[in-house]
1. What is the average number of partner chain Cβ atoms found within 10 Å of a Cβ in A:60-67?
2. Can you list the HN-Hα couplings for the range B:47-58, worked out from phi with the Karplus curve (6.51, -1.76, 1.60; θ = phi - 60°), rounded to whole Hz and with x for Gly and Pro?
3. With springs only between Cα atoms under 10 Å apart, run a GNM on chain B and tell me which of B:Glu43, B:Glu12, B:Glu55 wobbles the most.
4. Where the accessible area of the protein assembly as shown is counted over protein heavy atoms with a 1.4 Å probe, how much of it, in %, is carbon and sulfur?
5. Build a GNM of chain A with springs between Cα atoms under 10 Å: which of A:Arg22, A:Arg35, A:Arg51 gets the top mean-square fluctuation?
6. As a test of reading the structure, rank B:Ser27, A:Ser52, A:Ser24 by solvent-accessible area (1.4 Å probe, protein chains only), most first.
7. Rounded, prolate or oblate, given the Cα gyration tensor of the protein assembly as shown, with a/c below 1.5 counting as rounded?
8. Probe of 1.4 angstrom, ligands and nucleic acids ignored: what's the accessible area per residue over the protein assembly as shown, in square angstrom?
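The values are calculated or read from the model by the stated rules, or taken from the named source; none is laboratory data. This one's a predicted model, so the numbers in the text were calculated from it and none came from an experiment. Positions of Cβ are generated from backbone atoms using ideal geometry, with glycine treated the same way; all protein chains shown enter the neighbour counts. In case anyone asks, the SASA skips ligands and DNA or RNA and just uses the protein heavy atoms, side chains included. Shrake-Rupley method; radii C 1.70, N 1.55, O 1.52, S 1.80 Å.
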There are 2 protein chains.
Amino acid sequence: MKARVYVTLKEEVLDPQGDAVRRSLGSLGFEGVDRVRVGKLVELELGAVDRSAAETELQAMCEKLLANPVIEDFRFELEG
Amino acid sequence: MKARVYVTLKEEVLDPQGDAVRRSLGSLGFEGVDRVRVGKLVELELGAVDRSAAETELQAMCEKLLANPVIEDFRFELEG
């Protein structure tokens, strides 16, 4: 079963990488980009066949390793 | 207009970061994770109001800055 995990910085956390991307876009001539936030996308191939077992496992993976819950939010989706 | 850009390594490109995550998941007791690939998620707030103009702009942003077309694929979606 294929899963996608999206990890993003919490709203109140500063994102210097995003700011750097925004400035670079500006200097390349892309005007009017108000805000850029950079996060992570983790694609996993899971052995689990049961959807709810996979969801429980993914939740634990995110809390323990894939995201830092102090500064990051996460969400995930399962395919198939 | 809000946009999300997903940047992933091409299939044929090795992903040592993804492999490290897979091994770490294994040592945390998550069995049966066959494959992990780590990509980027870039969230942008665009000034453009016209959808097709925004799409053209995003395509150019990805090709010029957000993705490395030699080793990465990208796709994006617009919200609202």
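1. Rounded to a whole number, the mean comes out at 3.
2. Taking θ as phi minus 60°, the curve returns x, 4, 9, 8, 4, 6, 5, 4, 5, 4, 5, 4 Hz for the range B:47-58.
3. Its mean-square fluctuation being the largest, the pick is B:Glu12.
4. The computed percentage sits at 50.
5. Maximum fluctuation in the GNM of chain A, among the listed residues, is at A:Arg35.
6. Reading off the accessible areas and sorting them downward yields B:Ser27, A:Ser52, A:Ser24.
7. prolate
8. For the protein assembly as shown, the solvent-accessible area averages 54 Å² per residue.
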